[in-house]
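Asker: Please find one structure pasted underneath; my questions will follow.
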Amino acid sequence: MQLLAEVHPKTKIEKIKKEIQDLSSFDGFDIPDSPLGLPSVKPTSIAALIREKYEHKRIIINQRLLDVNELYVHSLSLTAKAFNLNIVFTKGDKPKIGKEVGYLSSEEAVNIAKGYGVSSGMMISLRKNRSEILARLESNADFYLALHFSGVESIKGLEESFQKIIPYIIVKTEKNKEILSNISQPSFEGSKVRDLLYELESVGIKSVLISSPGDLNYLANFKF
C-alpha cells in the first residue's frame, strides 16, 4: 500500500525542509492549497523542494478552482509536467480575501491537465448520496481523494473504483484533539490507524493519505 503524508504549507523554508525530512519514510506527499480560503505558501513551491530531495516519491499538489482561470490551469499543468507532480482539483472554500474568480469545474480542469500528460484527480465527499458519488467516479479523473472517510463501511459499494480512491485519514492524538474538535471530518485514534490500513489493504485500496494536523511527531514516528 502506498502511504502519502499531508504536508502543511509553512512560511519558513527551514521548517518546511525539516518537515519533509521528518516524513521521509512515506511514499509520497499531498500539499493543500490555501486551506479555508486563507493565504498560504503555494503548493508548487513546496513540491519543488520535495522533488529536489526525492526524485521518485509521489507528490500531489492541490489546486483551488475558485481562485484561478483557464490560463492558470494550463500553466500549472506545464509546471506539474516539468516537476513530475500530480494535481488534485477542488472548488475550495470561499476566499477570505478578494472575490471568487473560478468558473472551471473540476472535470474541466482535470481534462486540461490530462491533455499535458499530468496525472490528475478530484475530491469526492463520502457524505454525498451513493448515486452522486458513483456519478463523480465516472469522470475522467485518474484518482480521487475521498473526504469524510469514516471507515471501510463508508466506501462499501465503490469496489470497482478502489484502484483510484485514496481515503483521507485524519488522525486524532492527545496533542491535536482540540484542533480536530473544530473540524467536521471524521478522525481516528492514532492507536487504531495501523489496523485500519490493514483492513483497507485487504479490500483492495492501493493508496491512502494520512493527516495529523498539529502533531507532526505522530506522522514522523508512524510505521506500517
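The values are calculated or read from the model by the stated rules, or taken from the named source; none is laboratory data. This structure is a prediction, so every number in the text was calculated from the model and none was measured. A quick note on method: Cβ atoms are made from the backbone with ideal geometry, for glycine too, and the neighbour counts reach across all protein chains shown. Each accessible area value is taken on the protein alone, full model and side chains, heavy atoms only, with ligands, DNA and RNA left out. Shrake-Rupley method; radii C 1.70, N 1.55, O 1.52, S 1.80 Å.
Asker: Given a 1.4 angstrom probe, I'd like the percentage of the accessible area of the range 43-197 that is carbon and sulfur, rounded to a whole number. Don't jump to the answer; show the numbers that get you there.
Answerer: Working: 3950 of 8030 Å².
C and S fraction of accessible area: 49 percent.
Asker: Here's something else I'd like to know. For S45 and K96 in the same chain, what is the full-extension length gain: residue separation times 0.36 nm, less their Cα-Cα distance, in nm?
Answerer: Once the chain is fully extended between S45 and K96, it gains 16.2 nm.
Asker: Here is a follow-up. What residues have an amide H closer than 5 Å to that of F29, excluding those fewer than 5 places away on the same chain, when H is modeled at 1.01 Å from N in the peptide plane?
Answerer: A5, R58, I59, I60
Asker: Okay, next question. Per residue, what accessible area does the chain have, given a 1.4 Å probe and all protein chains present, in Å²? It would help to have the intermediate numbers written out before the result.
Answerer: Working: 11250 Å² over 224 residues.
Each residue of the chain exposes 50 Å² on average to a 1.4 Å probe.
Asker: Grab the beta carbon distance between A135 and D22, set R0 = 41 Å, and tell me the FRET efficiency rounded to 0.05. Write out the running numbers ahead of the final one.
Answerer: Details: r = 39 Å, r/R0 = 0.96.
After rounding, the FRET efficiency stands at 0.55.
Asker: Only Lys, Arg, Asp and Glu count, each charged at its Cβ (+1, +1, -1, -1), so figure out the dipole size of the chain about its Cα centre, rounded to 20 debye.
Answerer: Details: 30 positive and 28 negative charges, 95 e Å.
In total the dipole reaches around 460 debye.
Asker: Right, something else. How big is the chain in terms of Cα radius of gyration and Dmax, in angstroms?
Answerer: 16.7, 46
Asker: What residue among G92, G204, I13 has its Cα farthest toward the positive end of the dipole of the chain, where the charges are +1 on Lys, Arg and -1 on Asp, Glu, each on the Cβ?
Answerer: I13
Asker: Treating the beta-carbon of each Lys and Arg as +1 and of each Asp and Glu as -1, no other charges, what is the dipole magnitude of the range 165-224 about its Cα centre, to the nearest 20 debye?
Answerer: On the way: 7 positive and 7 negative charges, 18 e Å.
It comes to approximately 80 debye.
Asker: Hey, what number do you get for the chain at 222 nm if only DSSP H runs of n ≥ 4 count, each worth -39500 (n - 2.57), divided across all residues, to the nearest 500? Let's see the in-between values first.
Answerer: Values: 8 runs with 72 residues, N = 224.
The helix-only estimate for the chain comes to -9000 deg cm²/dmol at 222 nm.
Asker: Between A113, A48, A141, where does the largest GNM mean-square fluctuation fall for the chain, given springs only between Cα atoms within less than 10 Å?
Answerer: Maximum fluctuation in the GNM of the chain, among the listed residues, is at A48.
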